[in-house]
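*Asks:* First the structure, which I've put down as structure tokens, then a few questions once you've had a look.
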Amino acid sequence: MHTCPFLPTEQVNLQRGGYPKFAVPLLQEKPEEGRASIYRTVFTNSCKEMMCYPDFPFPDDYPNYIHNARLHKYIRDYAQHFDLLRHIRFKTTVTKIRKRPDFSATGQWEVVTRSDGKEEAAVFDAVMVCTGHHVYPNLPLAHFPGIEKFKGCYLHSRDYKEPEKFRGKKVLVVGLGNSGCDIAVELSTVASQVYLSSRRGSWVMSRVWNFGYPWDMLLITRFWTWLDNFLPKAVSDWLYVRSMNQQYKHEDFGLMPVDGSSRREPVLNDDILSRITCGVVLIKPNVKEFRETSVLFQDGTVQDDLDAVIFATGYSHSFPFMEDESIIESKNNEATLYKCIVPPKLEKPTMAVIGLVQSFGSAIPTADVQCRWAVKVFQGLCTLPSVNEMLEDIEEKKRSKIRWFGTSNTLQTDYITYMNELTSAIGAKPNVLKLLLTDPLLALKVFFGPCTPYQFRLTGPGKWSGARKAIFTQWDRTLKPTRTREAPPATSTLPSLLVLGMLLIPLLLLLTVLY
Ligand SMILES: Cc1cc2nc3c(=O)[nH]c(=O)nc-3n(C[C@H](O)[C@H](O)[C@H](O)COP(=O)(O)OP(=O)(O)OC[C@H]3O[C@@H](n4cnc5c(N)ncnc54)[C@H](O)[C@@H]3O)c2cc1C
Ligand SMILES: NC(=O)C1=CN([C@@H]2O[C@H](COP(=O)(O)OP(=O)(O)OC[C@H]3O[C@@H](n4cnc5c(N)ncnc54)[C@H](OP(=O)(O)O)[C@@H]3O)[C@@H](O)[C@H]2O)C=CC1
Ligand SMILES: NCCS(=O)O
């Protein structure tokens, strides 16, 4: 990788010589091998009511979208609240996971760890692999002819931390995902020009959706999921494209996705339109090739005097610690796991992969429900079908992925459909029809309101007594952090009905005269 001359390298040396580690390793200047890495200004793109642990709402004074440092505190608060820290071994790397010799009888695993240079092995009855899928950068340089000739520098978005070092530079960002969009917007405040190249375009939405409410509280509901699946696909596709294009026409900003009906995860960014309108971010098509100091795009346009390229081309995932790599079969960004969790060919179901799904929904509640299902499998309370039946189910799910995402090799899945599948299996899926009879107001909120994580703790094993109240107060917690100034009492405005009447009367008179 061409290091950027204007990115000071002493930090790397400093790091070796006691560089002050950030409180949050994610923000270290030089990302740690095998760890996710984010840039300083990352704010969540799921709102607090949609991304909390199902039995641990965020404090009501937290903003709806949260800076990564506050999210880190919330996760630590959760661990402290449920007394989990005693179960966690920090600064400990798992270097090897292998079946014990008697695995087919016991289902036990041997796990080797390294901490402070010391290796240690231990035996476990079950293993949950929760190592994330935003760790290993996807940097497909072979797709960018001439990059080896390029005299500027380039890096993957995983290595990007902040914009200052790019002040006055001409920078190309490749990839219109959430990283590419965030980074292009931030760079545009200091760079002399930012180009944002997109291969297939993306739906780009603001976090602040209709009526000023969080996008995910309005769009991720059981009603919309039901309608999306109930209507003929052509109709639901038309509605989807129409809703995504309702705030502005994406083609007017060069953003329009090639496949508009794909339910691929949208980009959430509140500033990109303004940066495009101000000309500091220029949207470009895919790169055709790089030259020594310029880049040729697929539409034939050329950009000279390029200083740097940031490849925001996403991530791949791998499990280097698995001695037998065939256990978690994963290639082309798709994994062969039953319910996206269990390797189907194990003689004993004592391994679960958690978090290897991507949806409109949030990672935290998804992982919470996945773990609850996996524990029932480990306990033998959720029995798995035969290997062939699991493999057929995996194939069937791949076919439905093509229907919604245009490809099977994706971690994408439909959030509520997936959560329903898992919560049904453990008896924790809310029964809306039954609720209609027993608690009609709750039923309406559950079906038409935001599918907040509390819904997955309303009933069944793991039920949380505070879930109903959390659902009834979710909008209070949403509005509290923004309603921070009481509007002064209205002075001159006439009641709106009176105004409406005053407008209607002349209109009615005009109509009677005309007709
Ligand atoms: C920039 C960015 C912003 C995001 N914003 C949101 C958002 O707004 N909302 C949302 O829901 N999701 C968001 N995501 C996605 C979300 O962060 C991830 O899905 C989530 O972090 C997944 O959690 P995880 O625990 O599965 O994996 P990770 O958070 O990646 O954690 C994996 C952990 O495993 C550890 N690990 C890995 N290998 C080993 C090993 N061999 N031994 C020991 N430990 C190991 C790593 O150190 C790490 O601590 C974002 C992702 C990125 C990159
Ligand atoms: N604020 C937040 O909450 C943020 C959340 N995230 C999350 O982190 C995860 C990773 O996001 P991100 O890093 O953006 O990665 P993504 O995988 O979401 O996006 C990768 C982008 O790179 C493009 N790309 C990939 N390969 C190539 C190629 N060979 N040639 C051209 N373009 C290519 C893709 O284009 P194409 O569309 O054509 O495939 C896509 O636009 C996502 O889940 C995202 O939601 C990330 C940043 C901020
Ligand atoms: N869709 C929320 C998860 S993400 O990876 O940002």
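The values are calculated or read from the model by the stated rules, or taken from the named source; none is laboratory data. Quick caveat: nothing in here was measured; it's all calculated off a predicted structure. Cβ atoms come from the backbone with ideal geometry, glycine included; neighbour counts cover every protein chain shown. Only protein heavy atoms, including side chains, enter the accessible area calculation; ligands, DNA and RNA are left aside. Shrake-Rupley method; radii C 1.70, N 1.55, O 1.52, S 1.80 Å.
*Asks:* Taking a probe of 1.4 angstrom, what is the accessible area of Cys130 in Å², to the nearest 10?
*Replies:* Spelled out: Cys130, probe radius 1.4 Å, area about 80 Å².
*Asks:* Over the chain, what is the relative contact order in percent, taking alpha-carbon pairs closer than 8 angstrom and at least six residues apart?
*Replies:* So the answer I get is 19 percent.
*Asks:* Arg40 versus Asn245, label points 7 Å from Cα toward the beta carbon: distance in nm?
*Replies:* The two pseudo-label positions are separated by 4.0 nm.
*Asks:* Per 10 Å bin from zero, what fraction in whole % of the C-alpha pairs of region 358-470 is there, up to the bin with the longest pair?
*Replies:* Each 10 Å bin holds this share of Cα pairs: 13, 39, 34, 14, 0.
*Asks:* What is the Cα coordinate range of region 62-108 on the first, second and third principal axes, sorted by size from largest, in whole angstrom?
*Replies:* That works out to 51, 21, 21 Å along the principal axes.
*Asks:* Rounded to the nearest 10 Å², what accessible area does Lys345 show when all protein chains are kept and the probe is 1.4 Å?
*Replies:* Here the accessible area works out near 120 Å².
*Asks:* Mind pulling the per residue volume of the convex hull built on the Cα atoms of region 184-339? Å³ is fine.
*Replies:* It comes to 188 Å³ per residue, whole-number rounded.
*Asks:* With a 1.4 Å probe and all protein chains in place, put Ser424, Ser202 in order of accessible area, largest first.
*Replies:* The ordering from most to least exposed comes out as Ser424, Ser202.
*Asks:* Ranked from the most accessible area to the least, with a 1.4 Å probe and all protein chains present, what is the order of Ser359, Ser318?
*Replies:* Accessible-area ranking of Ser359, Ser318, largest first: Ser318, Ser359.
*Asks:* I've got another one for you. What does the extension gain come out to for Thr92 and Lys118, with contour length at 0.36 nm per residue minus their alpha carbon separation?
*Replies:* Length gained between Thr92 and Lys118: 8.4 nm.
*Asks:* Once you place label points 7 Å from the Cα toward the Cβ at Ser408 and Leu509, how far apart are they in nm?
*Replies:* Between Ser408 and Leu509, the label points sit 7.1 nm apart.
*Asks:* For the chain, give the magnitude of the charge dipole about the Cα centre (Cβ charges: +1 Lys/Arg, -1 Asp/Glu; no others), in debye to the nearest 20.
*Replies:* Here the chain has a charge dipole of around 640 debye.
*Asks:* Grab the other residues whose beta carbon is less than 9 angstrom from that of Ser104, score K and R as +1, D and E as -1, and report the net.
*Replies:* Once positives and negatives cancel, what remains is 0.
*Asks:* Compute the whole-percent fraction of alpha carbon pairs in region 129-272 spaced more than 25 Å apart.
*Replies:* Tail fraction, whole percent: 41.
*Asks:* Taking the solvent-accessible surface of protein heavy atoms with a 1.4 Å probe, what is the per residue accessible area of region 424-515 in Å²?
*Replies:* Ligands and nucleic acids excluded, the result is 69 Å² per residue.
*Asks:* Got a sec? Charge dipole of the chain, +1 on Cβ for Lys and Arg, -1 for Asp and Glu; which of Pro214, Ser197, Leu504 is way out at the positive end?
*Replies:* Positive-end residue among those listed: Leu504.
*Asks:* Glu148: accessible area at probe 1.4 Å, nearest 10 Å²?
*Replies:* Roughly 130 Å² of Glu148 is accessible to a 1.4 Å probe.
*Asks:* Which whole-number percent gives the relative contact order of region 87-220, counting Cα pairs below 8 Å spaced six or more residues apart?
*Replies:* 13
*Asks:* Under the definition of Cα pairs under 8 Å and six or more residues apart, what whole-number percent is the relative contact order of region 56-134?
*Replies:* Over region 56-134, the number comes to 18 percent.
*Asks:* Whose amide H sits under 5 Å from the amide H of Met322, counting only residues 5 or more places off or on another chain, with H placed in the peptide plane?
*Replies:* For Met322, the qualifying residues are Ile97.
*Asks:* Sort Ile505, Ile75 from largest to smallest accessible area, using a 1.4 Å probe on the heavy atoms of the protein chains.
*Replies:* Correct descending sequence by accessible area is Ile505, Ile75.
*Asks:* For the chain, evaluate the Debye formula with one uniform point scatterer on each Cα (no solvent term) and list log10 I(q)/I(0) at q = 0.08, 0.10 Å⁻¹, rounded to two decimals.
*Replies:* -0.60, -0.93
*Asks:* Quick one: which of Lys48/Lys469; Lys48/Lys398; Lys96/Lys348; Lys161/Lys398 span more than 24 angstrom between C-alpha atoms?
*Replies:* Pairs exceeding the cut-off: Lys48/Lys398; Lys161/Lys398.
*Asks:* What are the ³J(HN,Hα) couplings of region 159-174, residue after residue, when phi is run through the Karplus curve with 6.51, -1.76, 1.60 and θ = phi - 60°? Round to Hz, x for glycine and proline.
*Replies:* 8, 8, 10, 7, x, 3, 5, 9, 4, x, 8, 9, 10, 9, 10, 9
*Asks:* Between Phe230 and Thr301, take the C-beta separation as r, use R0 = 56 Å, and let me know the FRET efficiency to the nearest 0.05.
*Replies:* 0.80
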